[in-house]
Amino acid sequence: MLEVIIALYSLYTFMRIYISVMQIGYINQEKRKDPVLMPAGKYMVAANYAVAKEKVAIIEHFVDYLMFIWWVFAGFAWLSNTVGVEGSIMQSVLFLFGFIGVNYLVGIPFELYYKFKIDEDFGFNKMTPKMFMTDAIKSALLFIIIGGAIFALLAWIISSYEMWWLWGFAAMFTVAVLANLLMPTFMALFNKFTPIEEGELKREITKLMDQAGLKSDGIFIMDASKRDSRLNAFFGGLGKNKRVVLFDTLREKLNTEELLAVLGHELGHFKHGDIWKNIALMGLLLFIAFYLFGHLPDDLFTQMGVTPHAGVKIAMLMLLLPLVSFVFNPFMSFVSQHNEYAADEYGSEVGGQEHLVSALLKLVTENKSFPKSHPLVIFFYHTHPPILERLKAMNYDASGVVLGEEENVEEPALPRDGIFAYMDKE
C-alpha cells in the first residue's frame, strides 16, 4: 500500500512541476508578442512576475516531495518516538503540533522569499520584518488555541468511534462553516476595518445591497496597503456577520462607478448563492478525503514504523489531502469559472458593463496580472476565467487593445541559470 501511495504522490508532484514548466515556457513565449491590456513595459513586468513565482514554485514542489518521502519513511517514526505517543488525546495533539511545526519551518524560506524578494522586487510588498513577525506570532497563538481544540476533537472521535471518518467529516465541515461565519472577527486581529464615511459611495453601495437582498453589519475600508499594494474587495462572513469590505488600495485606484461595478460583481456571487455552493463543494471534497483516508489499512502505518494512533492518522490525512484536492481541482475550477461569468453578468446589469470592464482592466494592470496562461494552468488552478475571455463575454474584444501610455519600467532581474536559462531562451 505504501508503494501505491508513493507512486501516486510522485505522479502528483511530476504533474505540478510539469505544469509550472509549461507555464514558464508559455509566458516567455507570449511576452515577446504584441502586448494586450497594458503598455509593453508593464506587460513585460507582469510576465516576469508570473515567471518568477513559477520558478520558485518548482523548487517548492520538489521540497514538498522530499518532505513527503521523509515523513513516510522516517519522519512519522521519529516524531512518534520524540513525543512518546501512547494513544492519549494530548499526545496526539502534541504529535500534530510537531508535524505542522516541522512543515512550517521548512516552508518559511519560501514564504520569506515570496514576500521580501519577489513581491518586494515587483513593488507589492509593504510589510516590514517586524510586522511579519507580529503576524506570525498572532497566527501561531490562534492556531495553538483553535487548532489544538480541533485536533483534540478529531483525536477523541478517532479513539471513540469505529466509523470515525464519518463523524470526523461532520466535525470538520461544521468547523469550516463556523470559520466562514467568524472570518471577519479573525481578520480584525490582523487588519483595521474602518466604517465607510457617509456620502454618495455609501448610499450607492447600500442601494445595490438592498437591490440584491443583502443584509450586512456594515461597509468597511480595510487597511490592506500597510501589507500589500494589490487591489481587492470582498464580502466576508455568513448570516448577520456579513460585511462589505473594500481594500483601501481599491478605493484609491477606482472611481465610484468602477467600485460599484466591482461590488455588483461580488453581489452577484451573493445573489446566486455561490458562497453556499463553495461550502458544499468543500464539503464534498472533505467527505471524499475522510472516506479514503478513513479506510487506509493498518499495515500501511506498520510499513512506516508507527502504530495507527489518532495523531498519525490525522497527519496522514493532512499529508495526502493536497493530492486529493489536485484531482478535484478541475471540477472546482469549472464550477468557479461558471460562477464568475454569472457574477460578471450581474455586475454589468447593476453597475454598468462599461464600468466593470474599466475596473477589470485597472485591476489587471495594478495587480501586474499577466493576461494569458497555459491551458493546463487554467484547467487545474484558475478559479476565475482568463481575463480576455471575461472581457469577450462582456462584448469587449481586448485581444489587441493596449491601455495607457508607455512608461519607463525597470524590470527586476530574474535568475537565468540551469533549467531556467533553457526555459527563458529565445
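Got a sec? Which residues in region 282-325 would a label at E162 touch, if it sits 7 Å along Cα→Cβ and we count backbone N under 17 Å? Within reach of a label on E162, which here means backbone N under 17 Å from a point 7 Å along Cα→Cβ, region 282-325 contributes 294-298. Of the chymotrypsin sites (Phe, Trp or Tyr not before Pro) in region 145-217, the ones in a loop by DSSP (not H, G, I, E or B) with at most 13 other beta carbons within 10 Å are Y161.
Computed from the C-beta positions of D217 and L189, the FRET efficiency with R₀ = 22 Å rounds to 0.80.
Look at the alpha carbon pairs under 8 Å that are at least 6 residues apart: their mean separation over the length of the chain gives a relative contact order of 27 percent. Modelled this way, with points 7 Å down the Cα-to-C-beta line, the labels at I146 and A77 are 3.7 nm from one another.
Once the Cα gyration tensor of the chain is found, what semi-axes does its equivalent ellipsoid get, as square roots of 5 times the eigenvalues, in whole Å, sorted largest first? Before the final figure, lay out each step's value.
Details: eigenvalues 300, 158, 83 Å².
Rounded to whole Å, the semi-axes are 39, 28, 20.
Listed by chain and number, the lysines whose alpha-carbon sits under 18 Å from that of K33, ignoring those within fewer than 8 places in the same chain, are K42, K368, K372, K425. For region 270-310, backbone nitrogen atoms closer than 15 Å to the point 7 Å from M1 Cα along Cα-to-C-beta are found at 290-310.
Cβ crowding within 10 Å, taken as a proxy for footprinting-reagent exposure, orders K42, K192 from fewest neighbours to most as K192, K42. Of the residues M44, G147, H272, the one whose Cα sits farthest toward the positive end of the charge dipole of the chain, with +1 on the Cβ of Lys and Arg and -1 on the Cβ of Asp and Glu, is G147. Counting lysine pairs in region 57-182 whose alpha carbons fall under 14 angstrom apart, excluding pairs fewer than 8 residues apart on the same chain, gives 4.
Provide T13, T194 in ascending order of the number of other Cβ atoms located within 10 Å of each residue's Cβ, fewest first.
Listing T13, T194 from fewest to most nearby Cβ atoms yields T194, T13.
Each reported figure results from applying straightforward, stated rules to the coordinates on display, with no laboratory input. These numbers were taken from a predicted model, which means no experiment stands behind them. Every residue, glycine as well, gets a Cβ built from its backbone with ideal geometry; the counts of neighbours run over all protein chains shown.
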